[in-house]
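Novice: Here it is, the structure in full.
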Amino acid sequence: MASAAAISSSISSRSLLYRDSKAALIASIRHPEPSIATSAASGGPRPRRMLARPCCAVEPTKRNDSVVPSAAVAEAANAAVGEEATAPSAAVDYEELNKALENASPLEIMDRALDMFGNEIAIAFSGAEDVALIEYAKLTGRPFRVFSLDTGRLNPETYRFFDAVEKHYDIHIEYTFPDAGEVQALVRSKGLFSFYEDGHQECCRVRKVRPLRRMLKGLRAWVTGQRKDQSPGTRANIPLVQVDPGFEGVGGLGSLIKWNPVADVEGKDIWNFLLTMNVPVNSLHSQGYVSIGCEPCTRPVLPGQHEREGRWWWEDATAKECGLHKGNLKQDEAGKLGTNGNGVAVANGVDGTVDIFETQAIVKLGRPGIENLLKLEKRQEPWLVVLYAPWCRFCQGMETSYMELAEKLVGSGIKVGKFRADGDQKPFAQKELQLGSFPTILFFPKNTSRPIKYPSEKRDVDSLMAFINALR
Ligand code: SF4
């Protein structure tokens with residue numbers, strides 16, 4: 001288990017190269033903590049001797065190859081791992097390490113991650129503001145790797161941005177591509193835009209999730225740009241470091257370590273950081289894009305709109321599962337993994353998962369209960385029912401509003417229920433209850449047998465109430 005002092009020990013000597021006046025700004029992004037602050041001069045550990053030259057300093061006139069490291073870089077990286085880097089150990093308690101890093105800056109966390117995993121860790125770069133991760137990695141002065149999922153459907157601006165980032169940092173991004181045979185089979189059978197017809201999961205599975213899985217299988221750790229403020233309902237508990245609950249590393253399931261150095265940084269501070277450091281940014285941001293993904297599936301959002309509203313907007317919001325960061329779910333346990341609609345392992349939600357929507361105002365329906373509701377042609381009262389899975393981040397995200405709504409509707413003559421529709425119940429729910437993905441919200445009007453599916457991605461109390469009032 002690393003001590004706080006050990007966490008902070010390594011940046012100092014390398015920072016002779018990189019800790020310039022810009023780097024001082026890092027501390028303002030996170031909250032500096034005296035107990036972890038880097039300070040050899042203050043009696044901290046002996047400054048590290050820099051055995052490995054930083055990627056971006058190997059050959060000033062050449063780009064460093066992050067994909068297949070050049071001999072010099074590979075040698076340097078291996079030296080870092082073999083001679084100086086802290087070897088990742090199965091004995092590391094990552095929950096404890098997460099606590100120890102609580103007040104560390106993103107730079108310190110990145111430094112710790114690169115120190116522990118050397119050439120076996122890579123930064124996941126989406127082509128958006130997570131370029132901040134690359135900047136932090138550069139500032140550590142250590143060699144680092146960057147990978148990106150090239151789905152083949154990205155915006156031209158994103159490709160240009162990749163190129164700008166490679167040149168700016170003098171690196172080669174490790175692009176990861178979908179399997180050509182899988183893409184060919186999909187496109188030949190369903191066309192180039194099948195996701196507009198039958199949902200994005202199949203295409204995302206082929207173009208994103210499987211390539212990511214293949215990439216991660218060759219690593220011991222990865223770094224993501226996830227932040228808590230991106231979705232308070234689902235990302236509020238993102239740890240700074242964790243054992244990845246879904247994806248496998250070289251050591252199999254439960255062996256991959258996931259680092260989220262900017263988990264506690266707010267979006268505005270990321271942007272302040274990028275602008276201050278004069279980091280290149282994707283030009284799509286200036287066109288109103290917040291979340292940036294594939295060209296056919298991403299659009300700008302208006303001020304005040306959530307970034308998720310710019311993704312897969314033609315679908316029921318309940319289908320917006322991408323499968324890339326399933327570690328944000330409650331009760332993530334590597335030992336309880338199944339497969340979700342994307343073909344990605346997730347907590348199976350059948351045994352031992354903590355339930356959600358737990359309030360007396362919400363009736364828990366079993367299979368007989370929901371079937372009875374379906375059969376009632378003249379039901380005495382309308383019902384609002386959510387089809388959910390407790391492990392689903394979007395279900396978790398609407399938990400507060402749905403429970404508040406249920407409390408409001410007590411005594412109104414409208415019953416509020418929930419039906420857990422994962423596991424064995426999923427085929428039934430898909431066939432009989434219009435389940436696309438989780439959560440699906442249904443309104444069973446008083447005099448109609450067929451339930452009406454809530455069509456919007458807005459799941460706040462007012463929006464749900466407007467839906468009810470329009471149908472009651
Ligand atoms: Fe396919 Fe759209 Fe998913 Fe990209 S975001 S992989 S184009 S469905």
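Novice: Kindly rank 282-293, 389-400 from highest to lowest mean number of other beta carbons found within 10 Å of each residue.
Specialist: Put in order of decreasing packing, that is 389-400, 282-293.
Novice: What FRET efficiency do you get for Glu96 and Leu253 if R0 is 22 Å and r is their Cβ-Cβ distance, rounded to the nearest 0.05?
Specialist: 0.55
Novice: What pairs from Lys258/Lys426; Lys99/Lys217; Lys228/Lys458; Lys167/Lys268 go past 23 Å between their alpha carbons?
Specialist: Going by Cα-Cα distance, Lys258/Lys426; Lys99/Lys217; Lys167/Lys268 fall outside the 23 Å limit.
Novice: Which of the peptides 167-176, 417-426, 435-444, 137-146 is most tightly packed, and how do the rest follow, judged by the mean count of other Cβ atoms within 10 Å per residue?
Specialist: 137-146, 435-444, 417-426, 167-176
Novice: According to a simple spin-label model (label point 7 Å from Cα along Cα-to-Cβ), what is the distance in nm between Ala470 and Glu182?
Specialist: 3.7 nm
Novice: If each of Arg367 and His168 carries a label point 7 Å out from its Cα toward its Cβ, how far apart are those two points in nm?
Specialist: Those two pseudo-labels are separated by 5.4 nm.
Novice: Starting from the amide H of Leu154, placed 1.01 Å from N in the peptide plane, find each other amide H under 5 Å away whose residue is 5 or more places distant or on another chain.
Specialist: Long-range HN contacts for Leu154: Glu295.
We did not get these values from a lab; they are worked out from the coordinates using the rules stated. Fair warning: this is a prediction, and the values are worked out from it, not measured in the lab. Heads up, the Cβs are rebuilt from the backbone with ideal geometry, glycines too, and the neighbour counts pull from every protein chain shown.
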